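K.L.:
Submitted below is the structure of interest, expressed as structure tokens.
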Amino acid sequence: MFESLIGTRSTPVKNIVERGSLKAFSRSIGDESPLYLDESVGKRSRYGENIAPPTYPRVFDYGEIQGFDLPNVGLIHGKQSFHYKRPLLVGETVMCSTSLENYYERNGKSGLLGFLSLKRYGEEPGGKLIFTEEQVVIITEAVREGMSS
């Protein structure tokens, strides 16, 4: 289904780790660590600034891969992991992109399932890697049929 797009990567999109967004995100996930929220704690930390929670990159824009369209409903979250070189700092610019890594199909109890592997990248404007996010999205047969019609 997506075999022709494997290895395709979106054009990087500029994102900013905004203090207000970070505070709202931290509160929404129930993690109000002073390292995320308290400016004086951030200034005294080894980073010299507040940092973002590990899952904060979910709010970033990663751009679009031309010809790659998934529906907004009916997908199954298979797996997700983040890998950091260093924490995200409040106020910094992060260039984000996504890559379609793999696609394969397997028969399941409810029909043919598609397994889509995506990798997202967060880099400094100069290209130095900050983090990656890997995820697997499972596409049910019903969703696949809706996509092909």
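K.L.:
Among the residues of segment 37-63, write down those that are aliphatic (A, V, I, L, M) and under 15 Å from Glu92 (Cβ atoms). Give the steps one after another, and end with the answer.
P.N.:
Filtering segment 37-63 down to residues aliphatic (A, V, I, L, M) leaves 37, 41, 51-52, 59.
Hits for segment 37-63 are Ile51, Ala52, Val59.
K.L.:
Could you run through segment 24-36 and say how many residues are closer than 15 Å to Leu89 by Cα and either modelled with pLDDT under 95 or in contact with a Phe, Trp or Tyr (Cβ under 6 Å, 6 or more places away or on another chain) (or both)?
P.N.:
The first filter runs over segment 24-36 and keeps only residues closer than 15 Å to Leu89 by Cα, leaving 25-26, 33-36.
When the remaining residues are screened for being either modelled with pLDDT under 95 or in contact with a Phe, Trp or Tyr (Cβ under 6 Å, 6 or more places away or on another chain) (or both), the result is 25-26.
Of the residues in that region, 2 qualify.
K.L.:
I'm trying to understand the selection: among the residues of segment 4-18, which are part of a strand (DSSP E or B) and surrounded by 15 or more Cβ atoms within 10 Å (Cβ to Cβ)? Break it down into steps so the answer makes sense when it comes.
P.N.:
Here is the first cut: in segment 4-18, the ones part of a strand (DSSP E or B) are 9, 13-16.
Across segment 4-18, the qualifying residues are Arg9, Val13, Asn15.
K.L.:
Another question, if that's okay. Where residues in segment 91-118 are part of a loop (DSSP other than H, G, I, E, B) and modelled with pLDDT of 95 or more, which of them is surrounded by the fewest Cβ atoms within 10 Å (Cβ to Cβ)? Outline the logic, then answer.
P.N.:
Kept after step one, since they are part of a loop (DSSP other than H, G, I, E, B), are these residues of segment 91-118: 91-92, 109-110.
Checking the rest, the ones that are also modelled with pLDDT of 95 or more come to 91-92.
Numbers: Gly91: 11, Glu92: 15.
Out of the qualifying residues, it is Gly91.
K.L.:
Exactly one of these conditions fails for Pro57: (1) closer than 16 Å to Ile130 by Cα; (2) more than 18 Å from the chain's Cα centre (by Cα). Give me its number.
P.N.:
Checking Pro57 against (1) closer than 16 Å to Ile130 by Cα; (2) more than 18 Å from the chain's Cα centre (by Cα), the one that fails is (2).
K.L.:
Residues in segment 102-149 that are within 27 Å of Leu88 (Cβ to Cβ) and of a type in the set (Lys, Arg): how many?
P.N.:
Step one: of segment 102-149, the residues within 27 Å of Leu88 (Cβ to Cβ) are 102, 116-137.
Still in the list and also of a type in the set (Lys, Arg): 119-120, 128.
Of the residues in segment 102-149, 3 are within 27 Å of Leu88 (Cβ to Cβ) and of a type in the set (Lys, Arg).
K.L.:
Name the single residue that is modelled with the lowest pLDDT among those in segment 64-77 being touching a helix residue (DSSP H, G or I) at 6+ places or on another chain (Cβ under 7 Å) and part of a loop (DSSP other than H, G, I, E, B).
P.N.:
Of the residues in segment 64-77, the ones touching a helix residue (DSSP H, G or I) at 6+ places or on another chain (Cβ under 7 Å) are 65, 67-68, 71, 74-75.
Still in the list and also part of a loop (DSSP other than H, G, I, E, B): 65, 67-68, 71, 74.
Values: Ile65: 91, Gly67: 83, Phe68: 86, Pro71: 73, Gly74: 76.
Among those that are touching a helix residue (DSSP H, G or I) at 6+ places or on another chain (Cβ under 7 Å) and part of a loop (DSSP other than H, G, I, E, B), it is Pro71.
For every residue, the table says whether it meets (1) farther than 12 Å from Pro53 by Cα; (2) hydrophobic (A, V, I, L, M, F, W, C).
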site	(1), (2)
Glu3	yes, no
Ile6	yes, yes
Val13	yes, yes
Gly20	yes, no
Phe25	no, yes
Ser28	no, no
Glu32	no, no
Tyr36	no, no
Glu39	yes, no
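So that you can scan it fast, the table gives a plain yes or no per residue for (1) touching a Lys or Arg at 6+ places or on another chain (Cβ under 7 Å); (2) outside any helix (DSSP H, G or I); (3) not small (Gly, Ala, Ser):
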residue	(1), (2), (3)
Gly20	no, no, no
Phe25	no, no, yes
Arg46	no, yes, yes
Tyr62	yes, yes, yes
Lys79	no, yes, yes
Arg86	no, yes, yes
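The values are calculated or read from the model by the stated rules, or taken from the named source; none is laboratory data. Since this is a predicted model, take the numbers as computed values, not measurements. All Cβ positions, glycine included, derive from the backbone under ideal geometry; neighbour counts span all protein chains shown.
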